[in-house]
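S.K.: Here it is, the structure, as structure tokens.
The values are calculated or read from the model by the stated rules, or taken from the named source; none is laboratory data. Everything quoted here is computed from the prediction, not taken from an experiment. Positions of Cβ are backbone-derived with ideal geometry, glycine not excepted, and every protein chain shown enters the neighbour counts. What goes into the accessible areas is simple: the full protein's heavy atoms, side chains included, and nothing from ligands, DNA or RNA. Shrake-Rupley method; radii C 1.70, N 1.55, O 1.52, S 1.80 Å.
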Amino acid sequence: MFEIRAMTAADFDAVMPMVRTFYQSSAVEHDADPAVLERTFRDAVDPAEPLLRGLLLLEDGAPVGYAYVTECYSGEVGGRCLFFEEMYFRPECRGKGYGTAVFRYLKEQYPNYPRFRLEVTDVNQNAIRLYEKLGFRFLEYRQMVLEGDLNVPSR
């Protein structure tokens, strides 16, 4: 039986090996600092951090995946947006409908959010097929990031 529940601090030893596996996969385009990944876990289980939520995904009571979701506001849709920061399943649990169950669960948890958003690498074709089956479509934006200080030229 598949189950979804909120992550707790006690889940650290179950979740972090999956996080490390996720970050070593083709689903992620760059390396991440292990200390940052651990801080993200701690934030995901901290009730004082309102933006990030961690979910533990279980099969027959055993952890088989995790997800992080965060909230933002989308001016394009005039409302809150749920952003899938990460979702990972152990290989033996893929293709069982669990990903669909996670999206269904979150749609029930956030019924008034007009947009769900996620990122996916081009090589992650199985994930792309799932997302498209669920009704996701590609936005034709290119994302840019700035890490560190803003490089503003002086006048």
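Residues checked against (1) assigned to a loop (DSSP other than H, G, I, E, B); (2) at pLDDT 95 or above:
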| position | (1), (2) |
| --- | --- |
| 57 | no, yes |
| 67 | no, yes |
| 71 | no, no |
| 76 | yes, no |
| 102 | no, yes |
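S.K.: To continue, here is another question. Mind telling me which of the residues 62, 44, 48, 67 ends up being under 17 Å from residue 5 (Cα atoms), among the aliphatic types (A, V, I, L, M) and exposed (fewer than 15 other Cβ atoms within 10 Å of the Cβ)?
M.R.: Selected residue: 62, the only one of 62, 44, 48, 67 that is under 17 Å from residue 5 (Cα atoms), among the aliphatic types (A, V, I, L, M) and exposed (fewer than 15 other Cβ atoms within 10 Å of the Cβ).
S.K.: Could you count how many residues in segment 38-65 are out of contact with any strand residue (DSSP E or B) (no Cβ under 6 Å at 6 or more places or on another chain) and within 16 Å of residue 23 (Cβ to Cβ)?
M.R.: Here the count works out to 4.
S.K.: Now a separate question. For segment 121-131, which residues satisfy the criterion of being assigned to a helix (DSSP H, G or I) and either in contact (Cβ under 8 Å) with a residue 60 or more places away in the chain or surrounded by 14 or more Cβ atoms within 10 Å (Cβ to Cβ) (or both)?
M.R.: Within segment 121-131, 127, 128, 130, 131 meet the criteria.
S.K.: Take the conditions open to solvent by 30 Å² or more (accessible area, probe 1.4 Å), in a loop (DSSP other than H, G, I, E, B) and within 24 Å of residue 40 (Cα to Cα) and apply them to residue 95. Does it pass?
M.R.: It is false that residue 95 is open to solvent by 30 Å² or more (accessible area, probe 1.4 Å), in a loop (DSSP other than H, G, I, E, B) and within 24 Å of residue 40 (Cα to Cα).
S.K.: Continuing with the same structure: Return the total of residues in segment 98-120 being touching a residue at least 40 places away in the same chain (Cβ under 8 Å), of a type outside the set (D, E, K, R), open to solvent by 30 Å² or more (accessible area, probe 1.4 Å) and out of contact with any Gly (no Cβ under 9 Å at 6 or more places or on another chain).
M.R.: Qualifying residue count for the region: 2.
S.K.: If you don't mind, another one. Could you say which residue among 54, 79 is within 16 Å of the chain's Cα centre (by Cα), closer than 23 Å to residue 116 by Cα and open to solvent by less than 20 Å² (accessible area, probe 1.4 Å)?
M.R.: Residue meeting the stated conditions: 54.
S.K.: Follow-up question, since we're still on this one. Name every residue in segment 1-41 that is open to solvent by 50 Å² or more (accessible area, probe 1.4 Å), out of contact with any Gly (no Cβ under 9 Å at 6 or more places or on another chain), touching a residue at least 40 places away in the same chain (Cβ under 8 Å) and part of a loop (DSSP other than H, G, I, E, B), in order of residue number.
M.R.: Matches in segment 1-41: 26, 29.
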